[in-house]
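The values are calculated or read from the model by the stated rules, or taken from the named source; none is laboratory data. Given the structure is predicted, the values throughout are model-derived calculations rather than measurements. Please note: Cβ atoms are built from the backbone with ideal geometry, for glycine as well, and neighbour counts cover all protein chains shown.
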Amino acid sequence: MLGAGIAGLCAARVLSPHFDQVDVFERDSLPIGPTNRPLLPQGPFVHVLLASGQRLFDRWFPGLQKRMDQLGAPYLDWAADTALFHCGAWMPRFASNLLVRPSTRACLEFALRSELAAVPGVAIHERTRAVGLVGEPGGAVTAIRVQTQDPVSLRWGSERTEVADLVVEALGRASQAGRWLGDLGHGVPSSTEIRPATSYATRIYQPADRPFPWRCLYLMAHGVAQPKAGLIWPLEGGRWGVNLFAYNGLRPPGEDEFLDFAGTLVRPDLAEALRDAVPLTPVRTFSVTANRRVHFESNPSWPRGLVVLGDASCAPNPVFGQGMSLAAMGVACLEDELRSGLDERRFQVRLGKLQQGAWLMCSIEDLRWPSTTGSLPVWTKLAATRWTDRVHSAAQRDLTLCRSLGDVIHLLQPPTSLLRPDRAVRVAVAPFRPKIARRGSRAG
Ligand SMILES: Cc1cc2nc3c(=O)[nH]c(=O)nc-3n(C[C@H](O)[C@H](O)[C@H](O)COP(=O)(O)OP(=O)(O)OC[C@H]3O[C@@H](n4cnc5c(N)ncnc54)[C@H](O)[C@@H]3O)c2cc1C
């Protein structure tokens, strides 16, 4: 198992019933508490968790909820507790099954690692980096090459080989799987990138001790006229993670501009909430927001003994908060394959299909911005953006549609579920219905 990120920790769990020993090799040093680790660039950034990811984590790690309780992570009904302003109106709020435990990334990883520690036969080797695969040219992968870091001198030791029946590559955006496949004579997979000129800034706050009519707040951007958005995401310890998004080439705010930027969002609610909140961290900005997909599924040949998943195969723009959940869904697909007898190539094909919906959702949204580079077939873009706009406005008048939309956003249903005839009829008649949302209200 290569990488102890979200995909790696979950994959180690699903591999464990099928192998006597699962060794996880991670280049980073892993803290013994819920703190950031040095080599995970996204660590300090707010990580929104979707219901699909939460459900899979709960399935694999039955003690996770209790552990998140102990760590002080809140419990959120996404549809009831989130005030979401989109397309000029508040979305309806209603009791749902979109339940999540928001936390910092460090807290979630620590909880997952702690749970994994109780799984028999799994060992995590920190400060050990993968540098290549071993196999016969054009044949199966049989081992990996790794190096371990000296904790005092921080020098990397000499290479050694670790033999494996199966290598699962989950090295995230740093993955070298494409090049390694090429080195082994399997060809280099093609890749697609959709690159928006989107950046964002994150800061953690201690909110003031006063009531707010929401637990999570999301003020969305609205086309080139309003290329800014803001999010407050609750965290463990009663804190808030705040993201301010800058689209279409706009610069994200730095330390001195954070509050002013918040004041220029589509509504004043977020700036008002921060008015008496206390910043706990510096502002951090991030602008590597490309949607990146490597087409392992269509590589000319595929070796036995290797699978690649997580961000290494499909890394959506972090702004959409799908990456961890999509990575977990890929692991669920691996779990399914392992139960029925793993065929590595078939797995990559299944994974590619599974990722398609989320990939299109993010890429199509990003291609709305004129400054985004990369392309998709024109019909996909036109059909999807027009339909998405109609579904969003219709959902403001129809709770059933709103629920369906929530399921799609949380990756519980594919986007195509919104094209079902009964949904299409609801979208068509929605303009004749009254709006059901009022600010801060909870429907149904
Ligand atoms: C700024 C930012 C914000 C994000 N926000 C969200 C969000 O709100 N919600 C969400 O769901 N997702 C978010 N994501 C995406 C999310 O972080 C990833 O989709 C998710 O972590 C994928 O898991 P992974 O295991 O594939 O990759 P990672 O979690 O990145 O794990 C890869 C692991 O491999 C290790 N590694 C790399 N190279 C080597 C090597 N050679 N040898 C050994 N180990 C190595 C790394 O240290 C790391 O631990 C965000 C990403 C970024 C960059």
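Quick one: which strands (runs of 3 or more DSSP E) sit completely within segment 151-209 and have at least 3 residues that are over 21 Å from Ala11 (Cβ atoms) and either touching a helix residue (DSSP H, G or I) at 6+ places or on another chain (Cβ under 9 Å) or among the β-branched types (Val, Ile, Thr) (or both)?
191-194, 199-206
Within segment 1-27, work out how many residues are in a loop (DSSP other than H, G, I, E, B), within 11 Å of the ligand (Cβ to nearest atom) and either touching a Gly at 6+ places or on another chain (Cβ under 9 Å) or without any contact (Cβ under 8 Å) to a residue 40 or more places away in the chain (or both).
Summing the residues that are in a loop (DSSP other than H, G, I, E, B), within 11 Å of the ligand (Cβ to nearest atom) and either touching a Gly at 6+ places or on another chain (Cβ under 9 Å) or without any contact (Cβ under 8 Å) to a residue 40 or more places away in the chain (or both) in segment 1-27 gives 5.
Checking the conditions here, which among Pro92, Pro137 is in contact with a Gly (Cβ under 7 Å, 6 or more places away or on another chain) and at pLDDT below 95?
Working: Pro92 fails: in contact with a Gly (Cβ under 7 Å, 6 or more places away or on another chain).
Only one candidate qualifies: Pro137.
So which residues in segment 240-249 are under 20 Å from Pro268 (Cα atoms), away from the ligand (no atom under 13 Å from the Cβ) and of a type outside the set (A, V, I, L, M, F, W, C)?
Scanning segment 240-249 gives a single hit, Tyr247.
So which residues in segment 309-325 are among the aliphatic types (A, V, I, L, M), within 7 Å of the ligand (Cβ to nearest atom) and in a helix (DSSP H, G or I), if there are any at all?
Ala312, Met324
Which residues, counting only those in segment 117-166, are small (Gly, Ala, Ser) and within 16 Å of the ligand (Cβ to nearest atom)?
In the first step, residues of segment 117-166 are kept if they are small (Gly, Ala, Ser); the result is 117-118, 121, 123, 130, 132, 135, 138-140, 143, 153, 157-158, 164.
The answer is Ala123, Ala130, Gly132, Ala143, Gly157, Ser158, Ala164.
Regarding segment 224-247, can at least one residue be identified that is touching a Ser or Thr at 6+ places or on another chain (Cβ under 9 Å), modelled with pLDDT of 95 or more, within 20 Å of Pro44 (Cα to Cα) and hydroxyl-bearing (Ser, Thr, Tyr)?
no
Considering only segment 285-308, how many residues are within 11 Å of the ligand (Cβ to nearest atom) and in a loop (DSSP other than H, G, I, E, B)?
Within segment 285-308, residues that are within 11 Å of the ligand (Cβ to nearest atom) and in a loop (DSSP other than H, G, I, E, B) number 4.
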